Amino acid sequence: MRQYISQKNLDSDGLLSVIGKDFRYLHNVLRLKSGDMIYVRLPNGNLQSMTVCQIDEKGKKIILQLCDLADTQIGENQPSETDSIESREFTLFMALPKSSKFDLIVRQATECGVARIVPVQTEFSQQGSEKINFRSERFERIIKEARQQSGSPVDTKISDCKSLAGVCELWKDESENLSESEKIAIVLYERNESTVSIRQACEQVRAQEKSGNSSSLKKIALFCGSEGGLSPAEIEILQKSGFLPVHLKTNILRCETAALYGISALQSCLSD
């Protein structure tokens, strides 16, 4: 389901004016016509069903209005959104690859409903990539386009670049008060020694749930290396910080493919 993500709230009459680049998206990409319906994600996260009531091609403006009240506010209280894997906080820790690959990873992770992408400077990371402005309009545009195309309700964010030690400290601070059934952190490793499969990692969380320690998974973390992967020393550091090394028993994957594969496989296992 495609959606339009609005930075503005509705006016007092339930109308929304769309101009500029957003006008071109609705008019030229989606090719909306008067009377067409579209889902609009408002700044508060609610998803509204709206119709096109006016198109001013000369002034490059589209006016949207609310549908019937019974169709509004589809967002936060719908089971299809709140009961899914997307309702859990999913963080992708991504060792910095080449810039063009990182753009693709951001787009794909956003489409999959990842809440946070944390760039990480590792031993084999692309040199100089840590100087990229990860809060730039370019990344905001990539995320917005990906959410609009995929219909993701998750407001994906990119954090500032961190060191490996910074990642370990961040995960410790965020997860130390959670039980073993409320969190899962894995790191993808191209070697197979001392590793488990993604399914085995998920089964450990389910075993904790069945023991009665807790009933809901709250935080998910996936660490993926860049070109060249991660060194044994880095894997050891992450393992000591609570990350479980996972080996994907498949073909040799590029880092951008491994990130998407890992996200999808982990979400699938946890949703079963």
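The values are calculated or read from the model by the stated rules, or taken from the named source; none is laboratory data. In this text, all values refer to a predicted model and were calculated from it rather than measured experimentally. So basically every Cβ, Gly included, is an ideal-geometry build from the backbone, and we count neighbours across all protein chains shown.
Do we have residue 88 as on the phi < 0 side of the Ramachandran plot, at pLDDT below 95 and either surrounded by 15 or more Cβ atoms within 10 Å (Cβ to Cβ) or aliphatic (A, V, I, L, M) (or both) here?
Spelling it out, residue 88 is indeed on the phi < 0 side of the Ramachandran plot, at pLDDT below 95 and either surrounded by 15 or more Cβ atoms within 10 Å (Cβ to Cβ) or aliphatic (A, V, I, L, M) (or both).
Based on this model, can you work out whether residue 175 counts as surrounded by 14 or more Cβ atoms within 10 Å (Cβ to Cβ), within 30 Å of residue 47 (Cα to Cα) and touching a residue at least 40 places away in the same chain (Cβ under 8 Å)?
No.
Close contacts from the stretch 135-147, counting a first residue that is under 14 Å from residue 25 (Cα atoms) and a second that is part of a helix (DSSP H, G or I) and of a type outside the set (S, T, N, Q), with Cβ to Cβ under 7 Å and a gap of 6+ residues or different chains, come to 142/103; 142/106; 142/107; 146/107; 146/111. The criterion of at least 2 residues that are within 25 Å of residue 137 (Cα to Cα), touching a residue at least 60 places away in the same chain (Cβ under 8 Å) and not charged (D, E, K, R) is met, among strands (runs of 3 or more DSSP E) falling completely within the stretch 1-70, by 3-5.
Taken over the stretch 240-259, the criterion of being surrounded by fewer than 16 Cβ atoms within 10 Å (Cβ to Cβ) and either of a type outside the set (S, T, N, Q) or touching a residue at least 12 places away in the same chain (Cβ under 8 Å) (or both) is satisfied by 240, 249, 252, 254.
Among the residues making up the stretch 90-115, those that are among the polar types (S, T, N, Q) and either under 16 Å from the mean Cα position of the chain (by Cα) or outside the structural domain of residue 220 (by TED's automatic domain parsing) (or both) are 91, 108, 110. For residue 216, the requirement of being assigned by TED's automatic domain parsing to the domain that holds residue 170, closer than 15 Å to residue 164 by Cα and of a type in the set (Ser, Thr, Tyr) is not met.
Hey, does the stretch 119-131 have a residue that's over 15 Å from residue 96 (Cβ atoms) and not β-branched (Val, Ile, Thr)? The answer is no, given that none of the residues of the stretch 119-131 is over 15 Å from residue 96 (Cβ atoms) and not β-branched (Val, Ile, Thr). Picking from residues in the stretch 138-158 that are of a type in the set (Gly, Ala, Ser) and touching a Ser or Thr at 6+ places or on another chain (Cβ under 9 Å), the one that is modelled with the highest pLDDT is 146.
Filtering the stretch 212-251 to residues that are hydrophobic (A, V, I, L, M, F, W, C), assigned to a loop (DSSP other than H, G, I, E, B) and closer than 18 Å to residue 98 by Cα leaves only 230.
Restricting to the stretch 113-150, count the residues that are small (Gly, Ala, Ser) and not in a helix (DSSP H, G or I).
Here the count works out to 5.
Condition first: among the hydrophobic types (A, V, I, L, M, F, W, C) and touching a helix residue (DSSP H, G or I) at 6+ places or on another chain (Cβ under 8 Å). Now tell me which residues in the stretch 133-154 satisfy that. Of everything in the stretch 133-154, those that are among the hydrophobic types (A, V, I, L, M, F, W, C) and touching a helix residue (DSSP H, G or I) at 6+ places or on another chain (Cβ under 8 Å) turn out to be 139, 142, 143, 146, 154.
Of the set (1) under 15 Å from the mean Cα position of the chain (by Cα); (2) crowded, with 16+ Cβ neighbours inside 10 Å; (3) at pLDDT below 80, all apply to residue 118 but (3).
Out of 187, 167, which single residue is β-branched (Val, Ile, Thr), part of a helix (DSSP H, G or I) and touching a residue at least 40 places away in the same chain (Cβ under 8 Å)?
167
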